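The values are calculated or read from the model by the stated rules, or taken from the named source; none is laboratory data. Not measured: the values here are computed from a predicted model. So basically every Cβ, Gly included, is an ideal-geometry build from the backbone, and we count neighbours across all protein chains shown. Surface areas here come from the heavy atoms of the whole protein model, side chains and all, with no ligands, DNA or RNA. Shrake-Rupley method; radii C 1.70, N 1.55, O 1.52, S 1.80 Å.
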Amino acid sequence: MTQPPRLRVTKLHYSRSRRRLDIAFEDGAAYTLSAEFLRVFSPSAEVRGHGPGQETLQTGKSSVSISAIHPVGHYAAQITFDDGHDSGLYSWQYLRDLAEEQDRYWQQYLRQLTAEGKSRDPEVQVLHFNP
């Protein structure tokens, strides 16, 4: 079964200096996603769990980079990050969803970090003090 043009990726280009992945689809849509965003929203079971409510909040990923990208058939890419994470397969459909909903997902992630007293920075520990 072939994917519709809106889901077929025609370009994946990673800029190491910017830590950004440029993605272009056959229908002409183009997006840029940060390595941090891709790592935080990895489709792996380690991040997403095996069902609703089993997700693991990813913290300290602000400086993560992509070290390798490997094609998986004609439908996905396996992304390896410099923190050793490599178990998620990013289907073209999943990448399109991440790209189109990037702002909403990111704001939701930032709210969750704040609510749990966590940080994007790997060197920061958020401590709360109530005298």
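Would you check which residues across the range 15-31 are part of a loop (DSSP other than H, G, I, E, B) and of a type in the set (A, V, I, L, M, F, W, C) and list them?
Once the filter is applied, which keeps residues that are part of a loop (DSSP other than H, G, I, E, B) and of a type in the set (A, V, I, L, M, F, W, C), the range 15-31 yields only ALA29.
For LEU98, work out the one condition from (1) open to solvent by 70 Å² or more (accessible area, probe 1.4 Å); (2) under 22 Å from PRO4 (Cβ atoms) it doesn't fulfil.
(1)
Do you know which residues across the range 45-74 are in contact with a Phe, Trp or Tyr (Cβ under 6 Å, 6 or more places away or on another chain) and more than 27 Å from ARG6 (Cα to Cα)?
VAL64
Considering the range 37-80 alone, what residues qualify as being of a type in the set (Ser, Thr, Tyr) and within 27 Å of LYS11 (Cα to Cα)?
Of everything in the range 37-80, those that are of a type in the set (Ser, Thr, Tyr) and within 27 Å of LYS11 (Cα to Cα) turn out to be SER42, SER44, SER62, SER63, SER65, SER67, TYR75, THR80.
Does the range 72-80 contain at least one residue that is open to solvent by 70 Å² or more (accessible area, probe 1.4 Å) and at negative phi?
Taking every residue of the range 72-80 in turn, at least one turns out to be open to solvent by 70 Å² or more (accessible area, probe 1.4 Å) and at negative phi.
So if I check each of ARG48, ARG111, ARG120, which one is within 15 Å of SER34 (Cβ to Cβ) and open to solvent by 70 Å² or more (accessible area, probe 1.4 Å)?
ARG120
Could you please find all residues in the range 55-67 being open to solvent by 30 Å² or more (accessible area, probe 1.4 Å) and more than 12 Å from the chain's Cα centre (by Cα)?
GLU55, THR56, LEU57, THR59, SER63, SER67
Return only the number of the condition from (1) of a type in the set (S, T, N, Q); (2) under 20 Å from ASP121 (Cα atoms); (3) touching a helix residue (DSSP H, G or I) at 6+ places or on another chain (Cβ under 6 Å) that SER63 does not satisfy.
(3)
Checking SER42 against (1) open to solvent by 30 Å² or more (accessible area, probe 1.4 Å); (2) under 28 Å from PRO4 (Cβ atoms); (3) without any contact (Cβ under 8 Å) to a residue 60 or more places away in the chain, only one condition comes out false. Which one?
(1)
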